[in-house]
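Every number here is computed from the coordinates shown, using simple stated rules; none is lab data. Everything quoted here is computed from the prediction, not taken from an experiment. We place every Cβ from the backbone using ideal geometry, glycine too, and count neighbours over all the protein chains shown.
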């Protein structure tokens, strides 16, 4: 029995290239081998690509959280005497600077902690879902430390590989 030529010497019309391309997959002794290899490698390839994308999203959340914390600390550092509740203003600034991070409360969203120094050795920490403090606690020339936490989710195909993952950003500014 004569073997069929895998690449027929046909030179007719626009379909010529397509016929030559698909002829490689349909004729010959290795028919279907590449399709089976692809089917075996595809799940692993999808798992790796999905893991890379999930890690990229978590890294994006961390960068957003860090920038928002920096903006909130600057706002808190310059708000002495300008508002009755500088901690709430700082928390609102952080939430506005990171709109893609869910801010639905302290357990599932952003968690705030403001440490206000009244002297070099004495400090008070305000933390809750939305911390509240008075403008009188801010002392000019003393630092304020803003610490924000956000839960990260590293789920790949419904498997959470780090269920206790927590992103944390901290910035210290001097009160003006």
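Can you give me the relative contact order of the range 33-174 as a percent, contacts being Cα pairs under 8 Å and 6 or more apart?
It comes to 26 percent, rounded to a whole number.
What is the fewest-to-most order of 45, 154 by other Cβ atoms lying within 10 Å of their Cβ?
Working: 45 10, 154 15.
Lowest count first: 45, 154.
Taking the Cβ-Cβ separation of residue 74 and residue 40 as r and a Förster radius of 41 Å, what is the calculated FRET efficiency to the nearest 0.05?
The formula returns an efficiency of 0.15 here.
Fewest first, what order do 41, 87, 133, 165 take by the number of other Cβ atoms within 10 Å?
41, 165, 133, 87
7 Å from Cα along Cα→Cβ at both residue 166 and residue 115: what's the point-to-point distance in nm?
My value for the distance between the label points is 1.5 nm.
What is the extension gain from residue 96 to residue 84, computed as 0.36 nm multiplied by their sequence separation minus the C-alpha to C-alpha distance, in nm to one decimal?
2.4 nm
For residue 132 and residue 67, what does the FRET efficiency come to when R0 = 22 Å and r is the distance between their Cβ atoms, rounded to the nearest 0.05? Kindly include the intermediate steps, with their values, before the conclusion.
Values: r = 24 Å, r/R0 = 1.09.
Calculated value: 0.35.
Note the direction-averaged projected area, equal to a quarter of the hull surface, for the Cα convex hull of the range 33-174, in nm².
If I average the Cα hull's projected area over directions, I get 9.9 nm².
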